[in-house]
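Here is the structure we will look at.
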Amino acid sequence: MTALHPYYQAHRPAMDALMRQRLDLADGLLRDRLELTDTAALKQEIMGEFEIVLHQMPYVGGAESRMTDFFMRFLGLMAIGRVLRRRGVPFDVISDITLETFTAQLLATPEADRLEAGRQFMSPENRTALRKQADWSRKQTYPADFVYDLVEPSPGDNFEFGIDYRACGFCKFAAQHGDKDLLPLICATDFASYATRGIHLERTQTIAGGATHCNFRFSRRLPEESSSVAEPD
């Protein structure tokens, strides 16, 4: 097992706490969908797999790259997927468990804080920062990182701005570690991630699904959309 990068080591307590919270939120689903009366052994196995994932996690610049946080928050889903896959759980069940648990974890944050984070994401200041980060990503300083472009709307477009991911760090990770079948677990969380912050995401294709790029398009959510936090890929 390779050594854990010092940046991740410094953030290890927070990552462990996030993963344990995720498993606690999943407890009822695991009992119901897997017909378990005790989830302790399963949770222990998942945390053991999470240890492996942490040591496999690529370093992509730490605080210098906005995508570092994506790796730190999302790769734990791979640990859950790996363990449930080994246990023969059907993929649709794995997907339901991970998405429902992930959404519950997002909703555990107070609504006011989530909506404020959404406003900050959609702000002109953040768009400027995203443009700089996109320029930086295209230098490909870290081979395992994402590469993306900021997309400005053309006349007639119904979005405020977009991001085209030209290379996906999760896809690179999955290809290296034999987890391509688990990539949809991560892709499926994107709609809930933005919806819970008051942002409407449109995306019609993904690299994981065989496209040349992932086309994320963002706009503020309408009031009538507020009751829904997840949309189909």
When every residue in segment 131-153 that is touching a residue at least 40 places away in the same chain (Cβ under 8 Å) and either among the basic types (Lys, Arg) or in contact with a strand residue (DSSP E or B) (Cβ under 9 Å, 6 or more places away or on another chain) (or both) is compared, the one surrounded by the most Cβ atoms within 10 Å (Cβ to Cβ) is PHE146
Listed by first then second residue, the pairs whose first member lies in segment 1-13 and is farther than 11 Å from MET72 by Cα and of a type in the set (S, T, N, Q), whose partner is open to solvent by 60 Å² or more (accessible area, probe 1.4 Å) and part of a loop (DSSP other than H, G, I, E, B), with beta carbons under 8 Å and at least 6 positions apart or on separate chains, are none
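Considering segment 116-126 alone, what residues qualify as being open to solvent by 50 Å² or more (accessible area, probe 1.4 Å) and closer than 14 Å to ILE199 by Cα?
The answer is GLU116, ARG119, GLN120.
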Screening ASP69, ASP96 for residues that are free of Cβ contacts under 8 Å to residues at least 60 places away in the same chain, open to solvent by 50 Å² or more (accessible area, probe 1.4 Å) and either more than 20 Å from GLN140 (Cβ to Cβ) or not in a loop (DSSP other than H, G, I, E, B) (or both) leaves only ASP69
Answer with yes or no whether TYR165 is in contact (Cβ under 8 Å) with a residue 40 or more places away in the chain and over 17 Å from the mean Cα position of the chain (by Cα). no
(1) of a type in the set (Ser, Thr, Tyr); (2) open to solvent by 10 Å² or more (accessible area, probe 1.4 Å); (3) assigned to a helix (DSSP H, G or I) all hold for TYR8 apart from (2)
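Collect the residues in segment 177-186 that are in contact with a helix residue (DSSP H, G or I) (Cβ under 8 Å, 6 or more places away or on another chain) and open to solvent by 20 Å² or more (accessible area, probe 1.4 Å), keeping them in residue-number order.
Narrowing segment 177-186 to residues in contact with a helix residue (DSSP H, G or I) (Cβ under 8 Å, 6 or more places away or on another chain): 177, 179-186.
Hits for segment 177-186 are HIS177, LYS180, ASP181, PRO184.
So which residues in segment 193-205 are in contact (Cβ under 8 Å) with a residue 40 or more places away in the chain and over 10 Å from the mean Cα position of the chain (by Cα), if there are any at all? Walk me through how you get there before you give the answer.
Let us first name the residues in segment 193-205 that are in contact (Cβ under 8 Å) with a residue 40 or more places away in the chain, namely 193-194, 196-199, 202.
Those that are in contact (Cβ under 8 Å) with a residue 40 or more places away in the chain and over 10 Å from the mean Cα position of the chain (by Cα): TYR194, THR196, ARG197, GLY198, ILE199, GLU202.
So is ALA63 open to solvent by 60 Å² or more (accessible area, probe 1.4 Å), closer than 19 Å to ASP145 by Cα and outside any loop (DSSP other than H, G, I, E, B) or not?
Details: open to solvent by 60 Å² or more (accessible area, probe 1.4 Å): yes; closer than 19 Å to ASP145 by Cα: yes; outside any loop (DSSP other than H, G, I, E, B): yes.
For ALA63, the condition - open to solvent by 60 Å² or more (accessible area, probe 1.4 Å), closer than 19 Å to ASP145 by Cα and outside any loop (DSSP other than H, G, I, E, B) - is met.
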Restricting segment 34-60 to residues that are open to solvent by less than 10 Å² (accessible area, probe 1.4 Å) and in a helix (DSSP H, G or I), the one farthest from MET78 (Cα to Cα) turns out to be LEU42
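The values are calculated or read from the model by the stated rules, or taken from the named source; none is laboratory data. Nothing here was measured: the structure is a model prediction, and the numbers come from that model. Note: ideal-geometry Cβ built from the backbone for every residue, glycine included; neighbour counts use all protein chains shown. Each accessible area value is taken on the protein alone, full model and side chains, heavy atoms only, with ligands, DNA and RNA left out. Shrake-Rupley method; radii C 1.70, N 1.55, O 1.52, S 1.80 Å.
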